1. Counting GluC sites (Glu not before Pro) as exposed when in a DSSP loop with at most 15 other beta carbons within 10 Å, what is the longest stretch of the chain free of them?
2. What distance in nm separates the two pseudo spin-label positions at E23 and A62, each 7 Å out from Cα along the beta-carbon direction?
3. Give the accessible area for S43 in Å² (nearest 10); use a 1.4 Å probe, count only protein heavy atoms, and leave out ligands, DNA and RNA.
4. Treating only the Cβ of Lys, Arg, Asp and Glu as charged (+1, +1, -1, -1), what charge dipole size does the chain show about its Cα centre? Round to the nearest 20 debye.
5. Can you tell me how much longer the chain between M1 and A44 gets when fully stretched, taken as 0.36 nm per residue apart minus their C-alpha distance, in nm with one decimal?
6. Run the 1.4 Å probe and let me know the accessible area of M14, rounded to the nearest 10 Å².
7. In the chain, if the dipole is taken from +1 on Lys/Arg beta carbons and -1 on Asp/Glu beta carbons about the Cα centre, which of S21, P64, V52 is farthest to the positive end?
8. How big is the accessible area of D60 in square angstrom, nearest 10, if you roll a 1.4 angstrom probe over the protein chains?
Amino acid sequence: MSVEERSRERRKRMVAHRAASFEDAEEWDLDFWQSMTPEERLSAFVAIRRDVEVVEASRDAAPPEEG
């Protein structure tokens, strides 16, 4: 599955929350991750890690910025 396909699939399942405070955000985040199964959390971690690797590889391949 390509990055674009994974992105489309992830957007279909995306859940959002507008937090009123940092504490609210932390509570929502904890509830969100604890509501997932261990398999879902691991799958999310692997997908995030793959995306990070793609970004890092593109940075390594990009020419240096002029300043």
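1. Numbers: sites that count: E65, E66.
For GluC sites (Glu not before Pro) (loop position, at most 15 other Cβ atoms within 10 Å), the longest site-free span of the chain is 1-64.
2. Placing both labels 7 Å along Cα→Cβ, they lie 3.9 nm apart.
3. 70
4. On the way: 11 positive and 17 negative charges, 87 e Å.
So the dipole magnitude of the chain works out to roughly 420 debye.
5. Here the segment from M1 to A44 would lengthen by 14.0 nm.
6. Per-residue accessible area (M14): approximately 130 Å².
7. V52
8. 130
The values are calculated or read from the model by the stated rules, or taken from the named source; none is laboratory data. Everything numeric in this text was worked out from a predicted model, so none of it was measured. Glycine also receives a Cβ, built like all others from the backbone with ideal geometry; neighbour counts cover every protein chain displayed. Accessible surface areas use protein heavy atoms only, side chains included; no ligands, DNA or RNA. Shrake-Rupley method; radii C 1.70, N 1.55, O 1.52, S 1.80 Å.
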